[in-house]
1. Can you classify segment 70-109 as rounded, prolate or oblate using the Cα gyration tensor, where a ≥ b ≥ c are the square roots of its eigenvalues, rounded means a/c under 1.5, and otherwise it's prolate if a/b beats b/c and oblate if not?
2. Any idea how far apart THR83 and HIS101 come out in nm if each label point goes 7 Å out from Cα toward Cβ?
3. Name the residue from LEU299, THR93, ASN269 whose Cα lies farthest towards the positive end of the charge dipole of the chain, charges +1 on Cβ of Lys and Arg and -1 on Cβ of Asp and Glu.
4. Kindly identify the chain as rounded, prolate or oblate by the Cα gyration tensor criterion: order the square roots of the eigenvalues as a ≥ b ≥ c, call it rounded if a/c is under 1.5, otherwise compare a/b with b/c, prolate if a/b is larger, else oblate.
5. In square nanometres, what is the average projected area of the Cα convex hull of segment 124-310?
6. Let's see if you can work this out: charge +1 on each Lys and Arg Cβ, -1 on each Asp and Glu Cβ, no other charges. What is the dipole magnitude of segment 213-316 about its Cα centre, in debye to the nearest 20?
7. Given a Förster distance of 25 angstrom, what is the FRET efficiency for GLU216 paired with VAL26, based on the Cβ-Cβ distance and rounded to 0.05?
8. How large is the accessible surface per residue of segment 57-110, computed with a 1.4 Å probe and reported in Å² as a whole number?
Amino acid sequence: MGDGMDGIQFNRIGAASAPTNENEAVTTLLAKQGELEIMLHNIGGESVVWLTPAKDTSAIEFFFVHEGGVDLALDDGLVSLETGESFTVCGLTRDIPVKLHGDTRILYVTSCPSFASFQRFEESLVALLMRVNEKDHYTYRHSGAVLRFSLALYDAMGEDAPAVARDDLAVAALFHDVGKCFVPVEILQKPGRLEQEELRYILRHPVDSGRMLLQEFGEQIAEIARNHHERMDGSGYPRGLSGEDISFASQIVAVADVFDAMTSDRGYNEVKTSEAAAEELVSLSRQFNQKITLVLKRLVADGTLNKEEHELHEQA
Ligand SMILES: [Fe+2]
Ligand SMILES: [Fe+2]
């Protein structure tokens, strides 16, 4: 709080503490009068935060981007706001993910005190997956399948399993595509070739998944998700990493990911049998680690990894 006199409250620059760590958030109450609250959100790094509905649905909230910038992930696409721009929220009915461009300061005015306007991500991880389900059922079902395939591969590897805890691999596998919440649904479901601009959204999703997981789970888990589209020969995305720059755990999720994609009906692809998909992955030895694909082939052959039995139950 600043110093006050004659009914004036001054809020000096620097009076509100800045976050000391990347991905940290500090909220400072600048002023409060009756039901009205004025706050300053200081959020470090390229975090993802949430805009959540107010308890009182008639409340009005005003957000002014004082420093930095934000992307709001609405159903019909991203809306970007730069420094100096603002938005007003009234009657929001569901959580909206908000991606920060970097260190960001947001001035926030609300007529409804006592609710957390910006929630930290960790409270909403599962809620997000449910939202992805509403938007794109394929990604949701696929996430569950990649989780199961990754764990089956991990378990079958015994001593060759990656030096990552089984639970950590599970988290990374389940949420590897969570960054797709920033991809508009019409791009996610578009059959055939994507335009340059549309492709940009797709190419970013592993980066966003990694960023969202980093906030709660740390670098080891984030890396697995961030690199699930990288390939051993450097032909993957988003960074074109190769060989040992991609963790073994991430290579497992990559194999599980492509195996599920090849054997699932996405509306525009040729659906392969589990055997054919495993065989093809083994043959792509420059891109996919044969230590993993040969285990996959064995699991398919002995019936341990039967695609159909591993389908997620459809959600009611
Ligand atoms: Fe992906
Ligand atoms: Fe995926």
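The values are calculated or read from the model by the stated rules, or taken from the named source; none is laboratory data. Note that the structure is predicted; figures quoted are calculated from it, not measured. So basically every Cβ, Gly included, is an ideal-geometry build from the backbone, and we count neighbours across all protein chains shown. Note: areas computed on protein heavy atoms with side chains; ligands, DNA, RNA excluded. Shrake-Rupley method; radii C 1.70, N 1.55, O 1.52, S 1.80 Å.
1. Numbers: a/c = 1.87, a/b = 1.26, b/c = 1.48.
Judged from the Cα gyration tensor, segment 70-109 comes out oblate (a/c at least 1.5, b/c at or above a/b).
2. Roughly 0.9 nm, to one decimal.
3. Of the listed residues, the answer is ASN269.
4. On the way: a/c = 2.56, a/b = 2.18, b/c = 1.17.
Verdict is prolate for the chain.
5. Its average projected convex-hull area is 9.9 nm².
6. Details: 10 positive and 19 negative charges, 69 e Å.
Result for segment 213-316 is approximately 340 debye, rounded to the nearest 20.
7. Values: r = 18 Å, r/R0 = 0.71.
Calculated transfer efficiency: 0.90.
8. Working: 2340 Å² over 54 residues.
It amounts to 43 Å² per residue over segment 57-110.
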